[in-house]
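Some notes on the structure that comes next.
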Number of protein chains: 2
Amino acid sequence: MEQTAPQKGTVTERAIEQIKAMIGGGSLEPGERLPTERDLAAQLGISRSSMREAIRALTVLGVLEARHGSGIYVTQLEAGDLLETFGVVADLSRGPRLVELLEVRRILESTATALAAARITRPQLAEVEEHLAAMEATDDPEEILSHDLAFHRAIVSAAGNETMAAILEGLSSRTFRARVWRGYQEEGAFERTRREHARIHRALVAHDPEAARAAAAAHVGEVEEWLRSQLD
Amino acid sequence: MEQTAPQKGTVTERAIEQIKAMIGGGSLEPGERLPTERDLAAQLGISRSSMREAIRALTVLGVLEARHGSGIYVTQLEAGDLLETFGVVADLSRGPRLVELLEVRRILESTATALAAARITRPQLAEVEEHLAAMEATDDPEEILSHDLAFHRAIVSAAGNETMAAILEGLSSRTFRARVWRGYQEEGAFERTRREHARIHRALVAHDPEAARAAAAAHVGEVEEWLRSQLD
DNA sequence: ACCTCCGTAGTGGTCGGACCACCTTCGTGA
DNA sequence: TCACGAAGGTGGTCCGACCACTACGGAGGT
């Protein structure tokens with residue numbers, strides 16, 4: 001009997017694990033180019049079709065990047081690369097799961113905003129104010145949403161934790177917010193949102209972490225409460 | 001000109017988006033069975049190979065589940081299904097990224113532990129104590145790690161937010177902890193870990209959320225500090 | 001009438017080959 | 001010296017065949 005092949009799971013799953021192991025084990029560095037699909041397949045003793053499925057899987061996970069005509073490369077393995085799939089969670093979650101997601105966002109975003117209050121620099125603060133102003137200068141819901149997202153993104157970015165920023169980016173994905181906020185905003189919540197944003201902004205200017213935490217938690221909590229009440 | 005085909009990106013990427021849209025749009029319910037690979041391919045006008053890649057991608061994301069000989073099914077789309085891939089992030093992150101990951105875990109786990117202190121039931125508390133006792137009754141590092149994981153999992157579970165639990169599960173994945181803790185535990189941190197666990201336990205028994213939050217934050221923070229000091 | 005067993009149709013899993021679309025490189029020519 | 005174009009290499013797509021496994025239902029026995 002040949003013991004060289006453990007034979008657990010499908011060949012594609014094995015290939016995925018082996019490539020992941022190569023990267024985790026250090027034989028493949030971030031940014032490095034992999035052998036060709038054909039070579040990799042021969043190397044692991046599987047067909048090119050199965051190897052392509054493995055590569056595709058690692059591509060959607062943000063671990064690999066395939067460039068047509070050039071080759072397959074390991075991504076930089078930055079937080080943004082690996083956490084891009086987090087948006088899928090937000091897009092496909094429903095019902096009670098959405099509330100839980102918002103609760104996670106409230107916890108992380110309030111902490112991030114508190115950190116930002118302590119660390120934010122003048123240029124970063126200027127960017128925050130820019131989006132705040134742009135939000136109030138238009139009536140187009142689409143544009144408001146864009147600057148709303150950018151407003152929070154700028155704040156979270158100032159907290160200095162890229163991983164946290166990437167997670168929150170997923171939790172605030174465009175389709176997610178559009179889905180939840182459509183109903184929420186229609187209940188005349190614009191004015192309240194404006195006040196909450198202003199309160200967050202004042203805390204940032206004052207470099208007051210506790211006030212920032214409270215303001216951000218209240219802001220996200222408002223939507224959370226509304227969504228919870230909709231589940232009846 | 002045929003305008004029926006938008007032609008952006010690869011056909012596989014389009015197929016992934018279309019299937020995701022079907023699920024998000026409600027034409028595919030959780031647990032429902034999809035058409036066969038061959039039918040789906042014909043339906044979207046692509047080859048079976050490309051369709052298989054799309055299905056494989058959605059499978060690793062925890063959205064679909066393929067059962068050999070039976071068919072392809074939509075998962076229940078529970079937090080655990082969709083966030084299983086989160087472990088990959090922890091496994092492949094390195095250097096500064098690891099510290100950021102631990103910071104996120106500290107924030108979430110301290111909050112979860114605080115919630116647990118307020119809500120934990122007697123049976124749940126019993127399970128926590130079981131793992132605590134088992135941890136102190138053995139010298140096998142492997143077994144200690146197992147019960148350590150289960151200890152925290154039981155606590156987080158008592159917080160009542162499955163999504164948060166699934167995220168923390170990923171942040172505490174076996175390979176992740178084994179990697180970080182190997183060096184940490186060798187510095188005689190066993191005794192300190194024991195005291196910290198005991199402190200968390202006392203806070204749970206007393207149903208004291210603030211004490212629980214502080215104890216959990218300190219516990220994770222210890223490892224975080226140590227890892228930060230190793231980056232020199 | 002009921003249960004057991006096994007055949008069979010249908011499904012996902014794997015393979016090999018062919019061709020296309022795109023990028024990169026290098027040699028040719030101005 | 002530099003711009004251009006041809007050629008090779010790479011990922012992207014498709015096809016057809018076969019294998020491994022599951023599920024369903026009918027034949028046979030009790």
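Worth pointing out:
- Residues (assigned to a strand (DSSP E or B) and more than 11 Å from DNA strand C (Cβ to nearest atom)) located in the range A:67-97: A:I72, A:V74
- Checking each residue in the range A:31-50 for being more than 10 Å from DNA strand D (Cβ to nearest atom) and at negative phi picks out A:E32, A:A42, A:Q43, A:L44, A:I46, A:S50.
- B:I23 surrounded by 17 or more Cβ atoms within 10 Å (Cβ to Cβ), within 14 Å of DNA strand C (Cβ to nearest atom) and within 26 Å of the chain's Cα centre (by Cα): no
- One residue from A:E136, A:E109 being modelled with pLDDT of 95 or more and in the same structural domain as A:A159 (by TED's automatic domain parsing): A:E109
Residue-by-condition table, conditions (1) among the hydroxyl-bearing types (S, T, Y); (2) modelled with pLDDT under 90; (3) surrounded by fewer than 14 Cβ atoms within 10 Å (Cβ to Cβ):
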residue	(1), (2), (3)
A:R195	no, no, yes
A:I200	no, no, no
A:A203	no, no, no
A:A206	no, no, yes
A:A214	no, no, no
A:G221	no, no, no
A:L227	no, no, no
A:D232	no, yes, yes
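- Across the range B:35-45, the qualifying residues are those that are open to solvent by less than 60 Å² (accessible area, probe 1.4 Å) and within 11 Å of DNA strand C (Cβ to nearest atom), and the one among them that is farthest from the other protein chains (Cβ to nearest Cβ) is B:P35.
- Restricting attention to the range B:51-86, the residues being near DNA strand D (Cβ under 9 Å from one of its atoms), surrounded by fewer than 19 Cβ atoms within 10 Å (Cβ to Cβ) and under 17 Å from A:T12 (Cβ atoms) number 3.
- Residue check, B:G160 on the phi > 0 side of the Ramachandran plot and open to solvent by 10 Å² or more (accessible area, probe 1.4 Å): yes
- The range A:17-30, subset in contact (Cβ under 8 Å) with a residue 24 or more places away in the chain and more than 15 Å from DNA strand D (Cβ to nearest atom), residue farthest from the other protein chains (Cβ to nearest Cβ): A:Q18
- Assessment of the range A:136-146 against the conditions (closer than 30 Å to B:T85 by Cα and without any contact (Cβ under 8 Å) to a residue 24 or more places away in the chain) yields at least one matching residue.
- One residue alone among A:R97, A:R48 is without any contact (Cβ under 8 Å) to a residue 24 or more places away in the chain and facing another protein chain (nearest Cβ under 7 Å), and that residue is A:R97.
- Which numbered condition A:A134 fails, given (1) open to solvent by 30 Å² or more (accessible area, probe 1.4 Å); (2) over 21 Å from A:A214 (Cβ atoms): (1)
- Cross-chain or 6+ apart pairs with Cβ under 7 Å, the range A:73-87 first and in contact (Cβ under 8 Å) with a residue 24 or more places away in the chain, then among the basic types (K, R): A:Y73/A:R33; A:Y73/A:R67; A:A79/B:R97
- A:A54 meets all of the listed conditions (1) within 9 Å of another protein chain (Cβ to nearest Cβ); (2) under 16 Å from the mean Cα position of the chain (by Cα) but one, namely (2).
- Total residues in the range B:90-127 satisfying the condition of being touching a Phe, Trp or Tyr at 6+ places or on another chain (Cβ under 9 Å) and open to solvent by less than 20 Å² (accessible area, probe 1.4 Å): the figure is 4.
- Selection within the range A:161-215 - touching a residue at least 24 places away in the same chain (Cβ under 8 Å), over 22 Å from the mean Cα position of the chain (by Cα) and not in a helix (DSSP H, G or I): A:E187, A:A189, A:A206, A:H207, A:D208
The values are calculated or read from the model by the stated rules, or taken from the named source; none is laboratory data. Owing to the predicted nature of the structure, the values given are computational and were not obtained by experimental measurement. In this analysis, Cβ positions are derived from the backbone assuming ideal geometry, glycine residues included, and neighbour counts consider all displayed protein chains. Protein only, heavy atoms only, side chains kept; ligands, DNA and RNA dropped before computing areas. Shrake-Rupley method; radii C 1.70, N 1.55, O 1.52, S 1.80 Å.
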